[in-house]
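The values are calculated or read from the model by the stated rules, or taken from the named source; none is laboratory data. As the structure is a prediction and not an experimental result, all values here were calculated from the model. Here the Cβ positions follow ideal geometry from the backbone for every residue, glycine too, while neighbour counts run over all protein chains shown.
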Ligand SMILES: C[S@@+](CC[C@H](N)C(=O)[O-])C[C@H]1O[C@@H](n2cnc3c(N)ncnc32)[C@H](O)[C@@H]1O
């Protein structure tokens with residue numbers, strides 16, 4: 001069943017601090033126990049459940065867009081690495097993809113992911129490996145024109161090796177950036193997840209040649225102990 005986010009803010013202020021402790025179970029690794037404990041105590045996980053979002057990642061794009069304001073009615077958006085769909089749940093009402101805001105332009109969002117994604121009203125979803133040779137051509141075909149926003153939250157499964165993970169995410173991000181150079185309309189926005197670790201400097205340099213403004217932003221919803229941040233490039237020069 002497709003659950004619609006309530007949009008209600010249940011940030012939990014004023015609630016009692018009830019920290020859940022997880023016992024180590026036979027057969028479960030300590031790292032899994034710690035992950036479970038962190039999930040159960042994460043206020044954004046609890047908020048996502050209460051407000052009907054498919055994951056805590058929804059709050060990251062909400063906070064990024066609250067600051068940079070690119071998900072506007074009528075925007076044409078490509079969401080790379082869209083599963084399970086939290087970013088799309090935020091984008092659909094903001095771009096007016098369902099035409100619910102009378103008198104405002106109707107937007108469009110195309111989501112792409114390696115994994116199957118539960119359908120979401122207002123979003124066009126395609127299962128695709130964006131690193132395949134002709135993936136960008138396929139997405140361009142589906143788009144059938146220019147995009148105003150290309151956003152990527154793509155991340156490969158962790159290898160457990162920090163530097164390898166960093167290089168992989170930079171490669172995903174660069175592929176997304178070259179795709180954005182092809183499809184963005186002048187003035188367009190590119191948002192992508194990167195991990196701090198050295199190689200992101202080259203990407204920044206590249207983006208600075210093509211966009212008026214390029215900034216790194218770590219939204220409050222991004223865990224402070226994670227090296228994740230988002231590069232936000234606005235004002236595509238075309
Ligand atoms: C952190 S999740 C995205 C969460 C999403 N933004 C949301 O709000 O639900 C990262 C996603 O990137 C996807 N991904 C990683 N590599 C990919 C690739 N080569 N092509 C398409 N998707 C990819 C993964 O399958 C995963 O679903």
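Condition check ((1) within 19 Å of residue 180 (Cβ to Cβ); (2) modelled with pLDDT of 95 or more; (3) in contact with a helix residue (DSSP H, G or I) (Cβ under 7 Å, 6 or more places away or on another chain)) across all residues:
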residue	(1), (2), (3)
73	no, yes, yes
82	yes, yes, yes
86	no, yes, yes
92	no, yes, no
107	yes, yes, yes
126	yes, yes, yes
150	yes, yes, yes
153	yes, yes, yes
158	no, no, yes
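Given the criterion surrounded by fewer than 21 Cβ atoms within 10 Å (Cβ to Cβ), farther than 19 Å from residue 82 by Cβ, modelled with pLDDT of 95 or more and in the same structural domain as residue 91 (by TED's automatic domain parsing), identify the matching residue among 185, 227. Talk me through it step by step, then tell me what you get.
Details: 227 fails: modelled with pLDDT of 95 or more.
Going through 185, 227 in turn, the sole match is 185.
When you look at residue 146, is it farther than 25 Å from residue 214 by Cα and over 19 Å from the mean Cα position of the chain (by Cα), yes or no? Talk me through it step by step, then tell me what you get.
Details: farther than 25 Å from residue 214 by Cα: no; over 19 Å from the mean Cα position of the chain (by Cα): yes.
No, not satisfied.
Could you check residue 193 against (1) more than 18 Å from the chain's Cα centre (by Cα); (2) in a strand (DSSP E or B); (3) surrounded by 13 or more Cβ atoms within 10 Å (Cβ to Cβ) and say which number it fails?
(1)
Taking the stated definitions as given, is residue 91 within 16 Å of the ligand (Cβ to nearest atom), under 28 Å from residue 148 (Cα atoms) and not assigned by TED's automatic domain parsing to the domain that holds residue 231? Even if it seems obvious, please write down each step before you answer.
Details: within 16 Å of the ligand (Cβ to nearest atom): yes; under 28 Å from residue 148 (Cα atoms): yes; not assigned by TED's automatic domain parsing to the domain that holds residue 231: no.
Here the answer is no, as residue 91 does not meet what is asked.
Based on this model, can you work out whether residue 195 counts as within 14 Å of the ligand (Cβ to nearest atom), on the phi < 0 side of the Ramachandran plot, in contact (Cβ under 8 Å) with a residue 24 or more places away in the chain and out of contact with any helix residue (DSSP H, G or I) (no Cβ under 9 Å at 6 or more places or on another chain)? Break it down stepwise before answering.
Working: within 14 Å of the ligand (Cβ to nearest atom): yes; on the phi < 0 side of the Ramachandran plot: yes; in contact (Cβ under 8 Å) with a residue 24 or more places away in the chain: yes; out of contact with any helix residue (DSSP H, G or I) (no Cβ under 9 Å at 6 or more places or on another chain): no.
When the stated conditions are applied, residue 195 does not pass them.
Confirm whether residue 106 is closer than 21 Å to residue 146 by Cα, more than 9 Å from the ligand (Cβ to nearest atom) and surrounded by fewer than 17 Cβ atoms within 10 Å (Cβ to Cβ).
Taking the combined requirement at face value, the residue satisfies it.
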